[in-house]
Amino acid sequence: MFQFIFRRLSLVIPTFIGITLLTFTLIRLIPGDPIEVMAGERGVSAERHAELSAQLGFDQPLYIQYFNYVSGVLQGDLGNSLVTREPVLSEFLALFPATIELTFCAAIFAILVGLPAGIIAAVKRGTLFDHSVMTFSLTGYSMPVFWWALLLMLIFSVNLGWTPVSGRIDVVYWIDNVTGFMLIDSILSGEEGAFSSAASHLILPSIVLGTIPMAVIARMTRSSMLEVLSEDYIRTARAKGIAPWRVIVIHALRNALIPVITVIGLQVGILLSGAILTETVFAWPGIGKWLIESIGRRDYPVVQGGILIVATIIIVVNLLVDIAYGIVNPRIRHSR
Amino acid sequence: MKLRLAALPLALMAAGAISTSANAASTLVYCSEGSPEGFNPSFYTSGTTFDASSKNMFNRLLEFKLGTTETEPGLAESYDVSADGLEYTFHLRKGVKFHSTKDFKPSRDFNADDVIFTFARQWDKNHPYHNVSGGSYEYFNGMGMPDLIKDIVKVDDYTVKFVLNKPEAPFIANLAMDFASIFSAEQADYLMKQGKPEQLDINPVGTGPFQKVQYQKDSLIRYTAFDDYWKGRAQFDRLVFSITPDASVRYAKLKAGECHVMPYPNPADLAQMEADKEINLMSQEGLNVGYLAFNTEKAPFTDTKVRQALNLATNKNAIIDAVFQGAGKVAKNPIPPTMWSYNDNVKDYAYDPVKAKALLKEAGYEDGFKTNIWAMPVQRPYNPNARRMAEIIQEDWKKVGVDAEIVSYEWGEYLNRSKKGEHDTVLLGWTGDNGDPDNFLYVLLGCDAVGGSNRAQWCNEEFNNLLLEAKETSDKAERTKYYEEAQQVFKREAPWITVAHSVVYEPIREEVKGYKIDPLGGHYFYNVSLEK
């Protein structure tokens with residue numbers, strides 16, 4: 001098992017070098033000078049431009065800039081945002097809990113709905129339920145996030161008034177930022193109704209963000225279950241007279257779950273990056289929105305640092321998925 | 001169904017939490033369009049940052065009278081100008097209190113030291129605070145203050161004198177701008193001694209009507225009304241900026257009562273807002289101009305007749321309908337009608353393709369010519385859709401034989417290349433900074449600005465001299481005369497096609513009273529009250 005983990009880890013180093021190189025070069029390949037973008041129509045004089053370039057280190061050759069960046073990263077310094085002048089890491093840490101909270105709730109929603117829907121659809125193959133699940137999941141999968149979010153918002157928030165439109169908590173609650181997780185902070189604040197306000201703010205964004213992963217999980221579970229259910233050992237188990245639910249849950253599901261776990265792992269990455277649109281629509285103060293704005297402003301340190309951290313998280317999640325595989329299916333950790 | 005399922009465990013958990021009653025304080029919620037870049041307005045140039053900092057937290061020596069572009073006394077009760085226009089002496093207000101923070105409680109009232117600190121920090125490169133937090137003072141530099149100021153002298157605790165290198169009448173308007181917001185010298189000293197001077201730019205104290213309590217990036221900013229505000233406490237207790245970048249979502253929140261005031265609505269939503277009884281749709285002509293500049297250093301635009309001909313060939317009313325969807329007005333002058341010295345006697349070029357063709361023939365371009373139109377890649381207040389505007393102009397020009405190609409670059413690149421004059425014609429615009437005509441005319445069309453913000457690369461001696469004369473006198477009536485004449489010269493020489501001034505819309509909820517649109521684009525909440 002350790003050898004397996006070690007092997008996986010050694011693959012991570014070149015991936016990191018690749019990510020730093022890619023983000024560093026790609027953001028600089030996009031035309032646009034951060035200083036000009038900052039100045040807008042007003043513009044800056046040539047002298048002022050040179051002065052600012054020197055201050056920000058843009059006057060040095062690219063390889064030196066890259067070297068400075070990487071040596072900073074190795075010392076845990078991701079640089080300062082060109083716009084707010086605050087350290088990238090502290091900006092990230094301030095925003096990340098919001099993204100985690102949203103991603104977590106969306107993942108829970110996707111799994112809680114997607115997994116059972118897929119299983120039942122497979123068991124009741126060919127029935128109306130099966131067809132409905134497949135149609136809904138295809139629709140969910142191809143739904144433009146922006147449109148879907150606004151639609152839900154119009155129906156549930158504006159017309160029915162069941163959920164709030166956007167934000168993380170009602171403005172009447174002045175909650176101190178302790179952990180950054182609004183659900184936890186609202187409990188810590190001790191203000192009556194704060195927690196339910198925070199939770200109700202999470203409902204729509206979680207559904208919107210969780211819709212695509214839910215559809216993917218439902219479809220994947222269904223096809224994987226169908227494959228397993230037609231295996232000989234399932235027939236044998238049934239022939240032995242084992243209760244039908246035991247056959248499905250104990251015998252079929254465990255084997256069917258392997259590809260589903262892979263998909264769930266991949267979806268976490270997609271959730272993190274896919275939160276961009278959801279965060280923008282719901283004014284959710286997470287890292288997706290932060291990164292998109294930084295690209296627009298050519299805020300090099302934020303783009304580089306932010307992508308590096310997100311990539312790290314996705315790598316770690318995938319590593320954990322690989323290990324989870326090994327636990328679910330011993331054959332994987334022994335094969336090369 | 002989903003809601004009920006979710007609500008059940010939530011209610012149970014909430015019941016377990018310690019209960020204190022929700023606050024009954026009156027709160028005004030403003031759905032702002034983005035996060036501020038920071039809280040020191042002297043570092044930045046964006047309105048979003050000014051709304052969150054200077055407009056509501058700070059004061060300046062002079063303020064803009066709300067709803068106008070004229071200045072009125074702020075932290076200075078009055079000022080005198082010397083006869084040669086080189087010395088401005090300000091008499092400061094007494095008894096003005098600063099806010100306090102968790103760590104810092106001011107021990108004295110506002111005085112001359114605070115004024116000196118605020119300006120010396122930006123002006124004096126050796127000032128201990130000059131380089132703190134990166135130290136780039138874009139507006140202070142952009143308005144030419146470093147070259148203008150010769151000295152700042154503390155006459156006594158409540159008198160400050162600015163000595164200038166040359167007479168410059170717009171100087172007074174500059175002092176009402178956001179970068180001139182007065183900071184506390186006492187807080188600066190305190191933080192310097194603590195070894196954390198950069199905290200001054202993160203948690204500054206001001207003298208304004210609201211003090212900042214908390215900021216969560218991309219989420220919200222919280223303020224409380226400042227009890228000791230020198231004009232009297234605001235009429236509500238709390239001010240919240242709920243940061244909501246998407247205009248449709250802002251509108252949804254306004255309808256649902258989750259915010260009281262929102263900026264920048266979608267033009268497509270205006271009709272619905274107007275019909276909504278709970279919403280009061282306010283509007284005002286913006287202090288801006290959208291224009292097309294001819295590169296007057298490149299043939300054939302060196303020829304005034306060609307420029308005039310293309311002015312005649314462009315149907316501006318069609319642009320207002322198609323691009324602004326009614327939220328704009330045809331522009332005939334380079335300054336907007338809300339600005340003093342606007343010359344209403346100027347006669348615009350009426351749409352007349354036949355006359356345009358005749359003029360082109362006179363100039364020797366009977367068969368037309370090939371050129372380009374640069375279209376901005378971004379939406380701006382003065383031009384919501386440059387691409388569409390360029391297409392309409394392209395069609396119009398085709399009718400008189402001028403074949404134009406539409407060109408676009410990434411925004412930073414676009415600004416940079418057009419500054420260097422790589423274009424034949426370019427679409428751009430301007431939003432006023434300080435309500436002074438000089439801030440449009442000299443900045444956009446003065447000889448000094450060629451190779452910079454003068455995209456027409458146009459240097460006309462007659463025009464430029466009028467502007468220089470106007471800078472040197474502080475008599476407003478005299479200045480008005482110069483500017484009115486300059487606008488006549490401008491129209492005759494036609495370095496631009498003045499396309500449009502946009503109309504600014506601001507929907508507010510009906511319970512909001514006393515709100516005024518600021519022609520300079522700011523959002524002030526001090527005068528507002530909430531009914532119900």
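Bear in mind that the values in this text are calculations on the coordinates, not laboratory data. All of these numbers come straight from a predicted model, not from anything done at the bench. We place every Cβ from the backbone using ideal geometry, glycine too, and count neighbours over all the protein chains shown.
If you line up the long axis of helix B:185-194 against the longest principal axis of chain B, both from Cα atoms, how many degrees apart are they, to the nearest 10?
Relative to chain B, helix B:185-194 is tipped by roughly 70 degrees.
Through the Karplus equation 6.51 cos²θ - 1.76 cosθ + 1.60, θ set to phi - 60°, convert the phi angles of the stretch B:477-488 into ³J(HN,Hα) values in whole Hz; use x for Gly and Pro.
Couplings: 5, 5, 4, 4, 4, 4, 5, 5, 5, 4, 5, 5 Hz.
Using only atoms on other chains, find how many Cβ atoms lie within 10 Å of each Cβ of peptide A:292-303 and report the average. List each step's numbers first, then the result.
Details: counts 1, 4, 0, 0, 2, 3, 3, 0, 0, 0, 0, 0.
Neighbouring Cβ atoms belonging to other protein chains average 1 per residue here.
When the expected Rg is taken as 2.2 N^0.38 Å, what fraction or multiple of it is the alpha-carbon Rg of the stretch B:206-266?
Working: Rg = 13.5 Å, N = 61, 2.2 N^0.38 = 10.5 Å.
That ratio works out to 1.28.
I'd like the FRET efficiency for residue B:346 and residue A:176, computed as 1/(1 + (r/R0)^6) with the beta carbon distance as r and R0 of 56 Å, rounded to 0.05. Let's see the in-between values first.
Working: r = 58 Å, r/R0 = 1.04.
The pair residue B:346/residue A:176 has a calculated efficiency of 0.45.
Helix A:46-56 versus the longest principal axis of chain A: what is the Cα-based angle in degrees, 0 to 90, to the nearest 10?
For A:46-56 against chain A, the angle is about 50 degrees.
Please say if the stretch B:208-322 is rounded, prolate or oblate, where rounded means a/c under 1.5 for a ≥ b ≥ c the square roots of the C-alpha gyration tensor eigenvalues, and otherwise the choice is prolate for a/b larger than b/c and oblate otherwise? Let's see the in-between values first.
Working: a/c = 3.05, a/b = 2.03, b/c = 1.50.
It comes out prolate by the Cα gyration axes.
Roughly what % of DSSP beta bridges within the stretch B:288-504 run antiparallel, to the nearest 5?
Values: 15 of 23 bridges.
Close to 65 percent.
Quick check on the exposure proxy: order B:431, A:20, A:211, B:302 from fewest to most C-beta atoms within 10 angstrom.
Values: B:431 22, A:20 17, A:211 26, B:302 12.
Placing the least packed residue first, the sequence is B:302, A:20, B:431, A:211.
Based solely on its DSSP helices, what 222 nm [θ] is calculated for the protein assembly as shown when runs of n ≥ 4 H residues each add -39,500 (n - 2.57) and the sum is averaged over all residues, nearest 500 deg cm²/dmol? Spell out each step's value before the answer.
Working: 34 runs with 407 residues, N = 868.
One gets -14500 deg cm²/dmol as the mean residue ellipticity at 222 nm.
Taking the beta-carbon count within 10 Å as an exposure proxy, list A:195, B:440 from fewest neighbours to most.
Working: A:195 28, B:440 23.
Ranked by crowding around the Cβ, least crowded first: B:440, A:195.
Could you work out the relative contact order of chain B? I mean the mean sequence separation of Cα pairs under 8 Å and 6+ apart, divided by the number of residues, in percent. Don't skip to the end; give the middle numbers.
Numbers: 1071 pairs, mean separation 101.8, N = 532.
For chain B, the relative contact order is 19 percent.
Residues with beta-carbon under 15 Å from that of residue B:124, excluding residue B:124: net charge, scoring Lys, Arg +1 and Asp, Glu -1? Write down the numbers at each step before the final one.
Values: positive: B:121, B:125, B:150, B:154; negative: B:113, B:147, B:151.
With Lys, Arg at +1 and Asp, Glu at -1, the net is +1.
What does the average come to when, for each residue of peptide A:168-174, you count the partner chain Cβ atoms lying within 10 Å of its Cβ? Walk me through the numbers before you get to the answer.
Numbers: counts 4, 2, 3, 11, 8, 2, 10.
What the average comes to for A:168-174 is 6.
Quickly rank B:93-102, A:123-132, B:51-60, A:44-53 as a protection proxy: mean count of other C-beta atoms within 10 Å, highest first. Intermediate values should be presented prior to the final figure.
Values: B:93-102: 16.7, A:123-132: 13.1, B:51-60: 25.4, A:44-53: 15.2.
With the highest mean Cβ count within 10 Å placed first, the list reads B:51-60, B:93-102, A:44-53, A:123-132.
Non-local amide H neighbours of residue B:429 (under 5 Å, H modeled in plane, Pro and chain starts lacking H): which ones?
Under 5 Å from the amide H of residue B:429 lie the amide H atoms of B:291, each far enough along the sequence or on another chain.
Can you give the FRET efficiency for residue A:7 and residue A:231, using 1/(1 + (r/R0)^6), R0 = 45 Å, r = Cβ-Cβ distance, to the nearest 0.05?
Numbers: r = 30 Å, r/R0 = 0.67.
Plugging the Cβ-Cβ distance into 1/(1 + (r/R0)^6) gives 0.90.
Shielding of B:196-203 by partners, i.e. mean partner chain Cβ atoms within 10 Å per residue? Let's see the in-between values first.
Values: counts 0, 0, 2, 0, 0, 3, 3, 0.
Average neighbour count from other chains, rounded to a whole number: 1.
Using only Cα atoms, tell me the angle between helix A:287-296 and the longest principal axis of chain A; keep it within 0 to 90° and round to the nearest 10.
40 degrees
Starting from the Cα gyration tensor of the stretch A:1-131, multiply each eigenvalue by 5, take the square root, and state the resulting semi-axes largest first in whole Å. If you can, show how the numbers build up before the last one.
Values: eigenvalues 403, 107, 46 Å².
Equivalent-ellipsoid dimensions as semi-axes: 45, 23, 15 Å.
Classify chain B from the C-alpha gyration tensor, please: rounded if a/c falls under 1.5, else prolate or oblate depending on whether a/b exceeds b/c.
On the way: a/c = 2.20, a/b = 1.33, b/c = 1.66.
Oblate.
Please report, largest first and rounded to whole Å, the three semi-axes of the ellipsoid equivalent to the protein assembly as shown, where each semi-axis is the square root of five times an eigenvalue of the C-alpha gyration tensor. Kindly include the intermediate steps, with their values, before the conclusion.
Working: eigenvalues 563, 232, 151 Å².
In descending order the semi-axes read 53, 34, 27 Å.
Would you mind estimating how fast the stretch A:71-133 diffuses translationally, via Stokes-Einstein at 20 °C and 1.002 mPa s with the Kirkwood radius over Cα pairs, in µm²/s? Mind showing how you got there, number by number?
Numbers: Rh = 15.3 Å.
Result for D is 140 µm²/s.
Show log10 I(q)/I(0) for the stretch A:98-217 at q = 0.11, 0.13 Å⁻¹, two decimals, from a solvent-free Debye sum over equal Cα scatterers.
The calculated log intensity ratios at q = 0.11, 0.13 Å⁻¹ are -0.45, -0.60.
For the pair residue B:462 and residue B:478, how long in nm is the line joining their label points, each one 7 Å along Cα→Cβ?
Placing both labels 7 Å along Cα→Cβ, they lie 2.3 nm apart.
Give me the distance in nm between label points sitting 7 Å out from Cα along the Cα-to-Cβ direction at residue A:138 and residue B:354, one decimal.
6.2 nm
Give me A:287, B:243, A:5, A:248 ranked fewest to most by other Cβ atoms within 10 Å of their Cβ, as a rough exposure proxy.
Details: A:287 29, B:243 26, A:5 14, A:248 21.
So the residues, fewest neighbours to most, are A:5, A:248, B:243, A:287.
Based on alpha-carbon atoms only, what is the radius of gyration of the stretch B:288-504 relative to the globular estimate 2.2 N^0.38 Å? Show your work: numbers first, answer last.
Working: Rg = 16.2 Å, N = 217, 2.2 N^0.38 = 17.0 Å.
So the Cα radius of gyration is 0.96 times the expected 2.2 N^0.38 Å.
Please give the contour-minus-distance gain from residue B:147 to residue B:284: 0.36 nm per residue of separation, less the Cα-Cα distance, rounded to one decimal in nm. Before the final figure, lay out each step's value.
On the way: separation 137, 0.36 × 137 = 49.32 nm, distance 3.53 nm.
Taking residue B:147 through residue B:284 to full extension adds about 45.8 nm, to one decimal.
Taking amide H positions as placed in the peptide plane 1.01 Å from N, state which residues far from residue B:280 in sequence (5 or more) or on other chains have amide H under 5 Å from it.
B:508, B:509, B:510
Determine the gain in length on full extension of the stretch residue A:240-residue A:26; use 0.36 nm per residue of separation and subtract their C-alpha separation, reporting nm with one decimal.
Details: separation 214, 0.36 × 214 = 77.04 nm, distance 6.04 nm.
Residue separation times 0.36 nm, minus the Cα-Cα distance, leaves 71.0 nm.
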